[in-house]
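Everything below concerns the one structure shown next.
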Amino acid sequence: MEPNPDQKVTVNSYGRTSWNKEAYAQEALSRRKPAIEADSEAKAEVNAGTVTSHQLMQLREQVLEQVNLINTTTIISNQIAASNSKRGKGVGFYCDVCDLTFKDDYQFITHLNHPAHLKNVGFDEDVESQKEVSLQEVKDRLAMLKRNLALKREADGKEFDLSDRIKKRREFDLKEEEKRRVRRRAVKLRKRAETASADSDIAQMMGFGGFLSTKT
Amino acid sequence: MSTEFRHDRGLAKRVSKIHGVNPVFLIEKISRERILDSFYWKRDCFGLNTATLLDRAVALQHIGGYDELQRPTPFICLGLKMLQLQPAPEIITYLLHQRDFKYLTCLAAFYIRLTLDSAGVYRTLEPLYADYRKIRYKKGSTMVLSHIDEFIDELLTSERSCDMILPRMVGRLYLEDQELLEPRKSEIDSDLESDESESGSD
Ligand SMILES: [Zn+2]
């Protein structure tokens with residue numbers, strides 16, 4: 001009996017089953033096609049908006065704000081706290097580009113530098129690092145940094161003043177001394193109280209506690 | 001290439017070799033690995049170019065190799081970054097001689113010591129024997145007060161600096177014999193000469 005090209009499974013006259021492989025392959029391919037096309041479309045979308053190094057650094061600064069929040073407290077819902085996987089938003093540092101959550105800042109930053117993340121952002125390191133920096137750019141940058149520093153000093157209100165520093169230090173020392181004195185006094189008081197109570201305990205044990213008679 | 005990448009991370013790309021090797025090899029492997037894994041490197045050295053590197057360099061507070069927990073200092077992290085970026089020689093010279101940021105001068109001096117040949121190192125760094133600005137030098141758990149001229153002396157005369165093994169240098173006298181280098185004119189000599197000429201005119 002010849003296999004029917006339309007039938008996927010045929011049974012011959014001895015009852016042996018055979019499978020039409022071409023038909024299965026055809027079916028599998030037609031099932032996969034839409035997925036492949038969608039994938040390549042998504043990739044094209046990402047690569048279309050290739051970001052520059054400057055944009056990336058700005059984005060990075062924003063994301064790193066999370067790390068700067070270390071030692072602060074945020075209230076979160078129970079449901080989020082219960083989730084245990086990296087995927088999706090959870091407790092920890094969240095990368096919204098890749099939709100991943102990391103448990104500590106070190107892992108998080110490692111992820112931010114990772115090629116997979118950079119690809120998702122649309123940043124091509126090779127293109128960016130080819131840009132040469134000229135001497136003039138370096139000079140301008142340093143001049144700018146110097147200006148910023150001067151402005152910051154001005155904002156802080158004063159130049160470095162040694163006598164002022166010494167005065168502040170002296171005040172600090174006095175305060176520390178005062179604190180220490182208070183602490184010492186507290187310890188002394190406590191010790192005195194302890195020895196007093198210990199005395200009375202022993203006295204009671206020996207049977208002559210206090211002035212009251214124990215006889216009835 | 002792929003196997004090379006697996007064994008040595010953080011190689012510099014599109015740069016010319018120095019002393020016959022990829023520039024990052026001038027920092028020994030163990031230090032390099034520690035730097036690449038450090039938090040400062042990952043957070044603050046990522047994606048820098050020669051211009052943005054300066055933002056970090058002017059914020060340096062001290063020089064040195066490792067702290068007491070064996071974490072690399074920002075100073076050597078930026079040193080490795082510079083090796084990766086390989087800035088043009090005129091930029092390095094400019095950074096060495098600018099007078100606004102002393103730790104930037106140190107960084108440039110360190111880079112020059114690692115990358116130039118012996119004669120070049122003597123020629124570029126010796127003038128800095130006249131730079132007496134104070135610097136903080138982290139040595140393990142302690143912070144030591146030092147000066148730029150002391151740091152330069154360490155770079156020129158010892159085999160190690162900032163917990164790094166420095167490339168071997170040819171002796172100065174040998175270079176003078178080969179006429180690759182003029183005898184050094186010390187700052188003290190010029191002071192003495194001017195004193196003499198003043199006293200002579202009296
Ligand atoms: Zn990501």
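The values are calculated or read from the model by the stated rules, or taken from the named source; none is laboratory data. Nothing here was measured: the structure is a model prediction, and the numbers come from that model. With ideal geometry, Cβ positions are generated from the backbone for all residues, glycine too; neighbour counts draw on all protein chains shown. These accessible areas exclude ligands, DNA and RNA; they are computed on the full protein's heavy atoms, side chains included. Shrake-Rupley method; radii C 1.70, N 1.55, O 1.52, S 1.80 Å.
When we screen B:Lys102, B:Lys81 for residues that are under 23 Å from A:His111 (Cβ atoms), among the charged types (D, E, K, R) and surrounded by 15 or more Cβ atoms within 10 Å (Cβ to Cβ), the only hit is B:Lys81. Summed over the stretch B:74-107, residues that are within 11 Å of chain A (Cβ to nearest Cβ) and under 10 Å from the mean Cα position of the chain (by Cα) total 1.
When you scan the stretch B:1-117 for helices (runs of 4 or more DSSP H) that lie fully inside it, which ones turn up with 1 or more residues that are within 27 Å of A:Leu145 (Cβ to Cβ)?
Correct list: B:29-37, B:39-44, B:50-57, B:74-85, B:89-97, B:102-115.
Residues of the stretch B:157-173 that are hydrophobic (A, V, I, L, M, F, W, C) and free of Cβ contacts under 8 Å to residues at least 40 places away in the same chain: B:Leu173 alone.
Look at B:Ser31 and say whether it is open to solvent by 40 Å² or more (accessible area, probe 1.4 Å) and within 20 Å of the chain's Cα centre (by Cα). Criteria not met by B:Ser31. Selection within the stretch B:173-193: residues that are touching a helix residue (DSSP H, G or I) at 6+ places or on another chain (Cβ under 6 Å) and part of a helix (DSSP H, G or I). The member of this set that is modelled with the highest pLDDT is B:Leu175. For the stretch A:4-51, a residue qualifies if it is touching a strand residue (DSSP E or B) at 6+ places or on another chain (Cβ under 8 Å), modelled with pLDDT under 75, open to solvent by less than 70 Å² (accessible area, probe 1.4 Å) and β-branched (Val, Ile, Thr), and exactly one does: A:Val51.
In this structure, B:Leu69 does not satisfy being buried (at least 16 other Cβ atoms within 10 Å of the Cβ) and either at negative phi or facing chain A (nearest Cβ under 10 Å) (or both). In the set (1) within 14 Å of chain B (Cβ to nearest Cβ); (2) at pLDDT below 75, the condition left unmet by A:Met57 is number (2).
Would you say A:Arg141 is surrounded by 14 or more Cβ atoms within 10 Å (Cβ to Cβ), modelled with pLDDT of 70 or more and away from the ligand (no atom under 16 Å from the Cβ)? Working first, answer last.
On the way: surrounded by 14 or more Cβ atoms within 10 Å (Cβ to Cβ): yes; modelled with pLDDT of 70 or more: yes; away from the ligand (no atom under 16 Å from the Cβ): yes.
It is true that A:Arg141 is surrounded by 14 or more Cβ atoms within 10 Å (Cβ to Cβ), modelled with pLDDT of 70 or more and away from the ligand (no atom under 16 Å from the Cβ).
Within the stretch B:33-53, being at the interface with chain A (Cβ under 9 Å from one of its Cβ atoms) and among the hydroxyl-bearing types (Ser, Thr, Tyr) holds for B:Thr50, B:Thr52.
When the stretch A:96-116 is examined, which residues are found to be out of contact with any strand residue (DSSP E or B) (no Cβ under 9 Å at 6 or more places or on another chain), within 11 Å of the ligand (Cβ to nearest atom) and facing chain B (nearest Cβ under 10 Å)? If the condition is that a residue be out of contact with any strand residue (DSSP E or B) (no Cβ under 9 Å at 6 or more places or on another chain), within 11 Å of the ligand (Cβ to nearest atom) and facing chain B (nearest Cβ under 10 Å), then A:Asn113 is the only one that fits.
The rows are residues; the columns are (1) over 13 Å from the mean Cα position of the chain (by Cα); (2) under 22 Å from B:Ala88 (Cβ atoms).
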position: B:Ala109; (1), (2): no, yes
position: B:Leu114; (1), (2): no, yes
position: B:Gly140; (1), (2): yes, no
position: B:His147; (1), (2): yes, no
position: B:Ser161; (1), (2): no, no
position: B:Ile165; (1), (2): no, no
position: B:Met169; (1), (2): yes, no
